[in-house]
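To keep things clear, I will list the structure first and then write my remarks on it.
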Amino acid sequence: MATRHICFATCAPGIEPLLHSELRGLQLAKIERQVGGCYFEALPEDIWRANLCLRTAVRVLLRLSRFEARTGEQLYENVQEIDWSIFVKPGGTLRVDAKVKDSELDHSNFVEQRVKDAVVDQFMDKFGERPSVDKDEPDLRIAIHIFRDRVTLQVDTSGHSLHRRGWRKAQGFAPLAETLAAAIVMSTHWNYKAPLIDPFCGSGTLLIEAGLLATNTAPGLFRKRFGFQLWDGHNKEGFEHLKDRLRKEIRPLGKTRLIGNDLEAGRLQDVEDNAEIAGFSDNIQLESGNATEFDFKPGWNACVVTNPPYGERIGDVRDLMPVYRAFGERLRDRGQGYEVAIFSGNTDLASQLSMKFLRSLPLKNGAIECEILQGVIPETSKD
Ligand SMILES: C[S@@+](CC[C@H](N)C(=O)[O-])C[C@H]1O[C@@H](n2cnc3c(N)ncnc32)[C@H](O)[C@@H]1O
């Protein structure tokens, strides 16, 4: 019987409940929620599925070993017990990332260096050639976690971050991470039939991720490469077969409209290009104008998902106050019965919307504390 591996899918802190329910949807075994991700157990095909299908995960790490180490030597010896030639070629590239807490080995740089030495020394002994370090696009990422002298040694099965789906032709300006955009859409009760509107759409990340969700498209199908594809013994045929199966599970979007608007008309071409690659350009409807004047049609019962600019400098914030105020007013006036999910990184700005939200999901976007504000525009808000 094939061995099940212990894996850890990472996500932005705050998104764990959504990731947990995605893993349950994939019927994976022994799912356990932690801060910053979820553990689960997986056969090789489950690892492929997780990488192809998860929308909110950033990486899927596979545990190679767990051991105690209080010194660099103990760490080095344990790392050398793994046969690294399975994961990277002698002429390939690698990178090591360490997180250390409450341990004798308390310098992550030192830990990264020792782990790298253990790996490359093994290659020199065996092949007389060694992989080099590449911080940006390595073939292999090794993730080390040390907590109270207990070391967890993992390899990254994803390779690049899973937010790099492969559907983005145009980068746009300050696009939302795809994993985060998926989380925002998934935090709503959107029924995939009502129009979904992003009045500040930029490059359309929310619209595209919403379309992928509604069509049951595995977001990883657009990607050219995952880390595990470079490993020795990777079953290419089996993987292609799985991708074919997932392609067959894609559902048409029907008449559902994904409506985008942005003040800058130039941004809308990006949305069209991205939607074309994602496969549902016919469902995309785009407008250029001020979101504060957007024609929300009463009675649509639409779902508004958006990430208005939240400004990083104080001047920007001051300029944005009236935009938020007017946008909130417009929504309350014309969008009665609509569900809204607004991604905000500034509570002062969000308060200008003057809306009562039912739920706030705090999360981190890089270093910025953000929140997804969710609610329904009440029918009687004008009284
Ligand atoms: C934070 S970006 C949105 C990024 C987008 N979610 C993406 O992933 O590409 C905010 C967008 O709002 C647009 N914008 C700024 N003020 C606006 C306004 N008053 N009405 C409509 N769009 C506006 C900007 O042009 C920008 O594209």
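Restricting to region 216-228, count the residues that are free of Cβ contacts under 8 Å to residues at least 60 places away in the same chain and either part of a helix (DSSP H, G or I) or within 16 Å of the ligand (Cβ to nearest atom) (or both).
So the count comes out to 1.
Could you check how many residues of region 236-271 are among the acidic types (Asp, Glu) and touching a residue at least 24 places away in the same chain (Cβ under 8 Å)? Talk me through it step by step, then tell me what you get.
The first filter runs over region 236-271 and keeps only residues among the acidic types (Asp, Glu), leaving 237, 240, 244, 249, 262, 264, 270.
Restricting the remaining residues to those that are touching a residue at least 24 places away in the same chain (Cβ under 8 Å) gives 249, 262, 264, 270.
Qualifying residue count for the region: 4.
Which residue, of Pro199, Pro252, is farther than 30 Å from Leu43 by Cβ, more than 21 Å from the chain's Cα centre (by Cα) and surrounded by 23 or more Cβ atoms within 10 Å (Cβ to Cβ)? Write out each step before concluding.
Working: Pro252 fails: surrounded by 23 or more Cβ atoms within 10 Å (Cβ to Cβ).
The match here is Pro199.
Output the number of the condition that Ile372 fails; it satisfies all remaining conditions of (1) within 27 Å of Thr179 (Cα to Cα); (2) of a type outside the set (Ser, Thr, Tyr); (3) surrounded by fewer than 20 Cβ atoms within 10 Å (Cβ to Cβ).
Only one criterion is unmet by Ile372, namely (3).
Looking only at region 279-305, filter to residues that are among the β-branched types (Val, Ile, Thr) and under 30 Å from Arg247 (Cβ atoms); which one of those is nearest to the ligand (Cβ to nearest atom)?
Of region 279-305, the ones among the β-branched types (Val, Ile, Thr) are 284, 292, 304-305.
In the following step, the residues that additionally are under 30 Å from Arg247 (Cβ atoms) were identified as 284, 305.
Working: Ile284: 14, Val305: 9 Å.
Selected residue: Val305.
Sort through Leu176, Leu242, Leu207, Leu213 and tell me the only one that's outside any strand (DSSP E or B), touching a Gly at 6+ places or on another chain (Cβ under 8 Å) and at pLDDT 95 or above. Break it down into steps so the answer makes sense when it comes.
Details: Leu176 fails: at pLDDT 95 or above; Leu242 fails: touching a Gly at 6+ places or on another chain (Cβ under 8 Å); Leu213 fails: touching a Gly at 6+ places or on another chain (Cβ under 8 Å).
Exactly one residue qualifies, and that residue is Leu207.
Residues are listed down the side, and each one gets a yes or a no for (1) part of a helix (DSSP H, G or I); (2) more than 11 Å from the ligand (Cβ to nearest atom); (3) touching a residue at least 12 places away in the same chain (Cβ under 8 Å); (4) not hydroxyl-bearing (Ser, Thr, Tyr):
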| residue | (1), (2), (3), (4) |
| --- | --- |
| Gly311 | no, no, yes, yes |
| Val317 | yes, yes, yes, yes |
| Arg330 | yes, no, yes, yes |
| Asp333 | yes, yes, yes, yes |
| Asp348 | yes, yes, yes, yes |
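The values are calculated or read from the model by the stated rules, or taken from the named source; none is laboratory data. Since the model is a prediction, treat every value here as computed from it, not as a measurement. Because the Cβ atoms are built from the backbone with ideal geometry, glycine has one as well, and the counts that use them run over all protein chains shown.
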